[in-house]
2 protein chains.
Amino acid sequence: MRDVAVVGVGMTKWGELWEKSLRTIFVEAALLALEDAGLDRIEAMYVGCMSSGLFVGQEHLASLLSDYLGKNPVPTVRVESACSSGGLALRQGFIDVASGMSDVVLVGGVEKMTDVTGCEATYALGTAADQEYEGYHGLTFPGLYAMMAKAHMAKYGTTREQLAMVAVKNHENGSKNPLAQFPFKITVEAVLNSVLVADPLRILDCSPITDGAAAVILCPADMAKKMKKPAVKIAGSGQATDTIALSSRKDMTWIESTHLAAEKALSMAGRKIEDIDFFEVHDCFTIAEICVTEALGLVGKGRGGKAVEEGLTSLSGKFPVNPSGGLKAKGHPVGATGVAQAVEVVKQLRGEAGARQVKAASLGLTQNMGGTGGSSVVHIFEAM
Amino acid sequence: MRDVAVVGVGMTKWGELWEKSLRTIFVEAALLALEDAGLDRIEAMYVGCMSSGLFVGQEHLASLLSDYLGKNPVPTVRVESACSSGGLALRQGFIDVASGMSDVVLVGGVEKMTDVTGCEATYALGTAADQEYEGYHGLTFPGLYAMMAKAHMAKYGTTREQLAMVAVKNHENGSKNPLAQFPFKITVEAVLNSVLVADPLRILDCSPITDGAAAVILCPADMAKKMKKPAVKIAGSGQATDTIALSSRKDMTWIESTHLAAEKALSMAGRKIEDIDFFEVHDCFTIAEICVTEALGLVGKGRGGKAVEEGLTSLSGKFPVNPSGGLKAKGHPVGATGVAQAVEVVKQLRGEAGARQVKAASLGLTQNMGGTGGSSVVHIFEAM
């Protein structure tokens, strides 16, 4: 297998983009990535999208998008793995280039979520859970993560305030990200006084409904070296699955798929978790980030709440988590999130992250997951 | 890239399977394929499915299916490309093994289409068209293919009877396939007198709504050689896209994506179309098979109708097309079709096709397409 590099990244402003369609925002992000790479020709395209069928009534998505990007007859693949669709599209693009099948591959992620009502969006997102054992009995994602939060609080003494601190930190970072949906700061008090969604989670514990797209351009590392701009190598890729029903897990507070995916990615990269300088992780709810820092091995089991309270995960902390603002402040167009994480890591490794730049960063990690951890994808990026 | 072989195939009886769920039929097919291969351990899984979101309210599909197959934490990918989802899943599994990323890969295709009303199924299938330029203006797939048929008849003099002969031939073959949804013969008169769907297409010109699944097991060819059973090599893989809106094409009768995908697959295999002994192609409507035989280069432009009339595509003809009964008689669970084509070709190349066996077959080709040809995937299989 060949070494693979990221040579271009693109992302549009995220938010409630009522004046734009799914195809428009995808093409905008893809063109930004191509422009950034200084390339026009691609040989294959991968698109991460969770549910364009339920959100905008459109399947056959990758062909539609290559059509509107003007790239037919290029081979295109739409990849779906709920909220980890973007990370998985990146992994498939990586395998395509690594295999020697294609040289230049565009990987995009997109979701247009605001063209339906709130109830319809909640239903669509609920299809990431096990419909027969969870959805049909009334469970939604805030409810599932609320149970994980309750379990974590009961088992490890994690406090309501520590959950809030995750949101405060990510909004602090997101206030420095001009493309974020909510680029402003919030306080612990604001989180604690916000509307209750599913006890103990309040609205400011939850990532929002977002329209958005992101894209990256991949090519062999040898080709990237000949280009006159900084490139970033994908040093490791790991994926794992777990039961999609939360009730089938041994421990509701432990995200095994993330743990295994990280092990695989680190093994491929020949690195340990301590070697990584910063992390973009899947904070769809505040409790998720706490569980993920534990599953990655950044802290011991049950220590995730304490870690955020002690500032270890802050931008200037020991291991910065979500410098971009995370899903919480940047937004969470579900299929785009995994690709946007890669966009942020590449910008950081190139030293182009402005006010939210992580100092002296040479290794970054992305962790993207579907549902309550039924699937996880981890990538490790290294400055070349 | 490594050579890749198919070492196991499985398919359940197709039809209106009201007593079974999507996860059940997938697991049945997957277990048959694993049993056929004599393997238990897999390293990755690819699932082709068009719209489990709209048909059964379930996304995050590949993780769900690996869970129910008992294969967690194996990495799993759901691939969507409308009706070519199955063929594309096969291609992604092929790339995965060829790259060296995985050794043993399960590729499955599945669709559960009868849990919704006919109107809902027509809507779900319509999401394979360009919703903004086709669907919202009332076009459905029978309507789109009817326009292609009208254009082919006007341009080349293809007759209404020739269209019917495609269905008659495929039911003749399907009558010999015990797993087919409609394993019985029909006549030209029956087709001509059946209910009109979209002029000139009648109900017996259309593939049915089907529940079904199919699966294959892939591994490196070197590993397959050491196994004590006949294996089949994937000699070539090609994919291409075209505009998904029919109105954007230069010629409504010409399926360019199939033409290009076949060129790529033949080039990879180092073969010409004349070398191939038989074909499993995407006859979602009778006119589709006629257009596809032309796009593959089996006959000249406009000669597809004449070819079926002259018996060239019959089981005992010069180049047998759809020995399995095709989508028309075997059924068309959209995401499963591309994988089932591979199952048929492997059975034929192993000499296990019973009454529908193509004589002295050593090379077979599958052609699977999405929408009206917005995407096409072609594979070439060779007995080892």
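Tell me the distances, shortest first, between B:Arg41 and the same position across the other copies, using label points 7 Å along Cα→Cβ, in nm to one decimal.
4.2
I'm checking a number: the convex hull volume of the Cα atoms of the range B:23-100, normalised per residue, in Å³. What is it?
With only Cα atoms used, the range B:23-100 gives 94 Å³ per residue.
When all C-alpha to C-alpha distances in the range A:109-175 are sorted into bins of 5 Å, what percent of pairs does each bin hold, rounded to whole numbers?
The percentages, shortest bin first, are 4, 13, 16, 15, 18, 21, 10, 3, 0.
Restricting to DSSP loop positions (anything but H, G, I, E, B) with no more than 11 other Cβ atoms inside 10 Å of their own Cβ, which trypsin sites (Lys or Arg not before Pro) remain in the range A:1-73?
Answer in residue order: A:Arg41.
What ratio of Cα Rg to 2.2 N^0.38 Å holds for the range A:133-277?
1.32
If you roll a 1.4 angstrom probe over the protein chains with everything in place, what fraction of the accessible area of the protein assembly as shown belongs to carbon and sulfur, to the nearest %?
Roughly 54 percent, rounded to a whole number.
Using the Kirkwood radius built from alpha carbon pairs, what does the Stokes-Einstein equation give as D for the range A:1-53 at 20 °C and 1.002 mPa s, in µm² per second?
Answer from the Stokes-Einstein relation: 166 µm²/s.
Summarise the partner chain shielding of B:367-380 as one whole number: the mean count of Cβ atoms from other chains within 10 Å of each residue's Cβ.
If you average over the peptide's residues, the count of other-chain Cβ atoms is 2.
Please report the accessible area of B:Phe182 (heavy atoms, 1.4 Å probe, ligands and nucleic acids excluded) in Å², nearest 10.
Ignoring ligands and nucleic acids, B:Phe182 comes out at about 60 Å².
In the range B:134-156, what residues drop by 10 Å² or more of accessible area when the other protein chains are put back, versus the chain on its own? Use 1.4 Å, and skip ligands and nucleic acids.
Relative to the lone chain, where solvent access is computed with a 1.4 Å probe, the range B:134-156 loses at least 10 Å² at B:Tyr136.
Note the distances from A:Lys229 to each other copy's matching label point, with points 7 Å along the Cα-to-beta-carbon direction, in nm, sorted shortest first.
When each copy's label point is compared with this one, the spacings are 5.1 nm.
Share of antiparallel DSSP beta bridges in the protein assembly as shown, in percent to the nearest 5?
Expressed as a percentage, antiparallel bridges in the protein assembly as shown total about 75.
For the range A:7-86 and the range B:3-61, what is the separation of their C-alpha centers, rounded to whole Å?
A separation of 28 Å, based on Cα centres.
State the volume of the convex hull built on the alpha-carbon positions of the range A:1-157, expressed per residue in Å³ and rounded to an integer.
Roughly 163 Å³ of hull volume per residue.
Using the Kirkwood radius over Cα pairs, work out the Stokes-Einstein diffusion coefficient for the range A:268-384 at 25 °C and 0.890 mPa s, in µm²/s as a whole number.
The diffusion coefficient I find is 174 µm²/s.
If Rh is defined by the Kirkwood formula over all Cα pairs and Rg also comes from Cα, what ratio Rg/Rh do you get for the protein assembly as shown?
0.98
If you filter the range A:1-81 for chymotrypsin sites (Phe, Trp or Tyr not before Pro), then keep DSSP loop positions with at most 13 other Cβ within 10 Å, what is left?
Sparse-neighbourhood loop chymotrypsin sites (Phe, Trp or Tyr not before Pro): A:Trp18.
Summed for both chains, how many Å² of accessible area, to the nearest 100, are buried between B and A with a 1.4 Å probe?
4500
For chain A, what does the relative contact order come out to in percent, with C-alpha contacts under 8 Å and a separation of six or more?
26
Using θ = phi - 60° and the Karplus curve 6.51 cos²θ - 1.76 cosθ + 1.60, what whole-Hz ³J(HN,Hα) does each residue of the range B:219-234 get, with Gly and Pro shown as x?
Computed from phi, the couplings for the range B:219-234 are 7, x, 4, 4, 6, 4, 4, 7, 8, 8, 7, x, 10, 10, 8, 8 Hz.
Kindly provide the chymotrypsin sites (Phe, Trp or Tyr not before Pro) of the range B:114-215 that DSSP labels as loop, not H, G, I, E or B, and whose Cβ sees at most 14 other Cβ atoms within 10 Å.
B:Phe184
Where only protein heavy atoms count, and the probe is 1.4 Å, what is the accessible area per residue for chain A in Å²?
I get 31 Å² per residue for chain A.
Which positions within the range A:223-245 get 30 Å² or more of their accessible surface covered by the other protein chains, compared to the chain by itself, with a 1.4 angstrom probe?
Buried by the other chains: A:Gln239, A:Thr241, A:Ile244.
For chains B and A related by rotation, which residue of B has the Cβ nearest the axis, and what is the rounded distance in Å?
With distances in whole Å, chain B gives B:Ser99, 2.
Taking the Cα-to-Cβ direction at B:Asn193 and at A:Lys228 and moving 7 Å from each Cα, how far apart do the two end points lie in nm?
7.7
Can you bin the range B:215-335 into rounded, prolate or oblate? Criterion: square roots of the alpha carbon gyration tensor eigenvalues sorted a ≥ b ≥ c, rounded for a/c under 1.5, prolate for a/b above b/c, oblate for the rest.
Prolate, because a/c is 1.5 or more and a/b exceeds b/c.
Averaging the inverse of every distinct alpha carbon separation and then flipping it gives the Kirkwood radius. What is it for chain B, in angstrom units?
Computed over chain B, the radius equals 20.1 Å.
How would A:Glu28, A:Glu111, B:Glu189, B:Glu274 rank on accessible area, largest to smallest, probe 1.4 Å?
B:Glu274, B:Glu189, A:Glu28, A:Glu111
For A:Lys330, B:Lys233, B:Lys301, write out the residues from largest to smallest accessible area, computed with a 1.4 angstrom probe and no ligands counted.
B:Lys301, B:Lys233, A:Lys330
Using a basic spin-label model with each label point 7 Å from the Cα along Cα→Cβ, how many nm lie between B:Lys359 and B:Glu120?
The answer from the label model is 5.0 nm.
What are the ³J(HN,Hα) couplings of the range A:335-340, residue after residue, when phi is run through the Karplus curve with 6.51, -1.76, 1.60 and θ = phi - 60°? Round to Hz, x for glycine and proline.
Going residue by residue, I get x, 8, 4, x, 6, 5 Hz, with x marking Gly and Pro.
With the contact rule set at Cα under 8 Å and sequence spacing of 6 or more, what percent relative contact order holds for the range B:169-294?
RCO, the range B:169-294: 18 percent.
What ³J(HN,Hα) values, in whole Hz, does the Karplus curve 6.51 cos²θ - 1.76 cosθ + 1.60 give for the range B:163-176 when θ = phi - 60°, with x put for Gly and Pro?
4, 4, 5, 4, 5, 4, 4, 5, 5, 4, 5, x, 5, 9
Please give the contour-minus-distance gain from A:Glu309 to A:Phe184: 0.36 nm per residue of separation, less the Cα-Cα distance, rounded to one decimal in nm.
43.0 nm
Shortest first and in nm to one decimal, what separations exist between A:Asp115 and its copies in the other chains, measuring from label points 7 Å along the Cα-to-beta-carbon line?
2.5
How high is the relative contact order of the range A:58-143, in percent, with contacts defined as C-alpha pairs under 8 Å that are six or more residues apart?
Computed value for the range A:58-143: 17 percent relative contact order.
Sort B:Arg202, B:Arg91 from largest to smallest accessible area, using a 1.4 Å probe on the heavy atoms of the protein chains.
Final ranking, largest accessible area leading: B:Arg202, B:Arg91.
The values are calculated or read from the model by the stated rules, or taken from the named source; none is laboratory data. The model shown is predicted, which means the values in this text are computed figures rather than measured ones. Quick reminder, even Gly has a Cβ in these numbers, built from the backbone with ideal geometry, and neighbours come from all protein chains shown. All accessible areas refer to the heavy atoms of the entire protein, side chains included, with ligands and DNA or RNA removed. Shrake-Rupley method; radii C 1.70, N 1.55, O 1.52, S 1.80 Å.
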